[in-house]
Amino acid sequence: MIKPGLKIGILLTLILVLPSLFFSAYEISNINQNEAVIDSIYSSQLESILFSVNQYSDDVISGWANQLDKGKYGLDQEMESLVTKNYSIDAFFLIDSLKHQLFSKEKIPEDSLTILTEKLEYAFAQNANEIERLQQYIKSGYQKIGVLDFNMKGKSLFAFARTVDSLSVETVLLLIDIEKFIGENLGPKIQGIAQDQFYISVIDKKRNAEIYSNVVYDEGEKNIQQRRKIWLFPAYDLGIQMKGNTIENLVRKRTRTNIIMLIVMDMILLLGAWFVYRNIRQQMKLTQIKSDFISNVSHEIRTPLALINMYSETLEMGRLPSEGKKQEYYKVINTEANRLSNMVNNILNFSKIESGKREYHFKESDINAEIEIILENYGQHLHKKGFEINFESFDDFPKLLIDKEAVSEAIINLIDNAVKYSGNTKRIEIACNTDLEFANINVIDFGIGISKKDQALIFDKFYRVSSGDLANKVKGSGIGLSIVKHIMDAHNGRITVKSSKENGTCFTLSFPLSFK
């Protein structure tokens, strides 16, 4: 059978904790999805920027090709004009079935022009298939610009076909200095796109070196991860990065913040659920303690009441022939009435202690005499239960400033405790002694003893030792030792216990000799 406290804990977990954990898991999964969407949108935006730059470079080359086709001054003049005006164009090479014609920078030496012409003719021959494909495109009405294989450092060779008339086609080779083209044509476009929001760089893949960037400095902040190949220059990459925090960092930071907040919320909910569970459990425990207290007190009160009732009925019916027997019965009734009174006083005093209203009246008193009075009043009750009680008085025991009623109550509670837990060895010893600082009263039994674990708890209110067969059979209110502790605290004294399982217990009430 599931205990009520455990049942409440399970219900709290099901009602409060599990939904919050499921919600957190759902939110975390949503966070990942949302951040993935944000990252995707951002990546798409960067892709669009890279595409725009690539498209622009393509448009520049296409614009030059269109200028040759539609220029006002004829092909030769247009080629010379483009070479002169564009720093990045090294040469045009016009090839048809009849002639090969080179249009280059004026400052190139004659021998270098010869070498360049040979290299361009060789490239034309080596890329014959690509040239033929470009010519087929133009015959179909579409002019396409192709990139040819060309082994010259820092240069790129482009080709496109153009119609001369309805029957003939010629090919134009365009030699470009790559880094000059990037600086002259892509640079302004990159600056216009980047503004103050992005780092955009052109990177030589072979050397992994940056050959152009919209921002030369801030190297510490640059860590460009998103790179795409430049269509016209496959050996070069175009890279982009957001200035300041990258989207990856922003996404990571936001995700981390959201997850931390969810974890903190879950911890607060778990902590709250634990506090609620603990309080409910404490309330249930307190309710059970109160129920046990009422049951045990009722049982303790019932015993002396039953004896008083039985003995008084016997006396009332006149069944006792001798006066001596009657006196014995009167004494039993008186003893049980005193016991009953002591129980009620315990409860009333405990109530006063709880409400902070108990008062103590200190007067110099003889402890030996007080113990003698207690034993005289309760001796018959103890002997009737078969107990042997020995009191070892101490002649030099000093008079103490005490509340006689309270100290008597403390000693009676200790004796009553010894009676309950004595087991088969029904012997109790009371001894007084002094040391340098304290006057001590020892109440010793030879019963079942108290474990180390229980010794730390026995002075708590309502606490009762529950281990062992005898402990389970003994009834008690659980307030006696807590009252003794309060009384000793009021006297600036202390109560200590020495005990071990099955070897009896010694409670010591220690009153400071300096207490005045």
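The values are calculated or read from the model by the stated rules, or taken from the named source; none is laboratory data. All values reported here derive from a predicted model rather than from experimental measurement. All Cβ positions, glycine included, derive from the backbone under ideal geometry; neighbour counts span all protein chains shown.
Observations on the structure shown:
- Condition check for residue 450: at pLDDT 85 or above, within 45 Å of the chain's Cα centre (by Cα) and in a loop (DSSP other than H, G, I, E, B): yes
- Qualifying residue in the range 370-388 (condition: in the same structural domain as residue 443 (by TED's automatic domain parsing), in a loop (DSSP other than H, G, I, E, B) and more than 30 Å from residue 486 (Cβ to Cβ)): yes
Residues checked against (1) surrounded by 15 or more Cβ atoms within 10 Å (Cβ to Cβ); (2) of a type in the set (S, T, N, Q); (3) free of Cβ contacts under 8 Å to residues at least 60 places away in the same chain:
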{"site": "269", "(1), (2), (3)": "yes, no, no"}
{"site": "283", "(1), (2), (3)": "no, yes, yes"}
{"site": "287", "(1), (2), (3)": "no, yes, yes"}
{"site": "293", "(1), (2), (3)": "yes, no, no"}
{"site": "297", "(1), (2), (3)": "yes, no, no"}
{"site": "301", "(1), (2), (3)": "yes, no, yes"}
{"site": "307", "(1), (2), (3)": "yes, no, yes"}
{"site": "313", "(1), (2), (3)": "no, no, yes"}
{"site": "318", "(1), (2), (3)": "no, no, yes"}
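- Residue satisfying all of: in the range 478-510; in contact with an Asp or Glu (Cβ under 7 Å, 6 or more places away or on another chain) and among the small types (Gly, Ala, Ser); surrounded by the fewest Cβ atoms within 10 Å (Cβ to Cβ) among these: 482
Residues are listed down the side, and each one gets a yes or a no for (1) aliphatic (A, V, I, L, M); (2) in contact with a Lys or Arg (Cβ under 6 Å, 6 or more places away or on another chain):
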{"position": "76", "(1), (2)": "no, no"}
{"position": "85", "(1), (2)": "no, no"}
{"position": "88", "(1), (2)": "no, yes"}
{"position": "91", "(1), (2)": "yes, no"}
{"position": "112", "(1), (2)": "no, no"}
{"position": "116", "(1), (2)": "yes, no"}
{"position": "122", "(1), (2)": "no, no"}
{"position": "154", "(1), (2)": "no, no"}
{"position": "159", "(1), (2)": "yes, no"}
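- Of all the numbered requirements in (1) in a loop (DSSP other than H, G, I, E, B); (2) hydroxyl-bearing (Ser, Thr, Tyr); (3) in contact (Cβ under 8 Å) with a residue 40 or more places away in the chain, residue 171 misses one, and that requirement is (1).
- Among the residues of the range 52-75, those that are surrounded by fewer than 16 Cβ atoms within 10 Å (Cβ to Cβ) and at pLDDT below 85 comprise 69, 70, 71, 72, 73, 74.
- Test: residue 101 is among the polar types (S, T, N, Q) and in a helix (DSSP H, G or I): no
- The lone exception for residue 80 - which of (1) surrounded by 19 or more Cβ atoms within 10 Å (Cβ to Cβ); (2) outside any strand (DSSP E or B) it fails: (1)
Conditions (1) farther than 20 Å from residue 74 by Cβ; (2) modelled with pLDDT under 85; (3) of a type outside the set (Val, Ile, Thr); (4) touching a helix residue (DSSP H, G or I) at 6+ places or on another chain (Cβ under 8 Å), marked per residue:
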position	(1), (2), (3), (4)
157	yes, no, yes, yes
160	no, no, yes, yes
165	no, yes, yes, no
180	yes, no, yes, no
186	yes, no, yes, yes
193	yes, yes, no, yes
201	yes, no, yes, no
207	yes, no, yes, no
212	yes, no, yes, yes
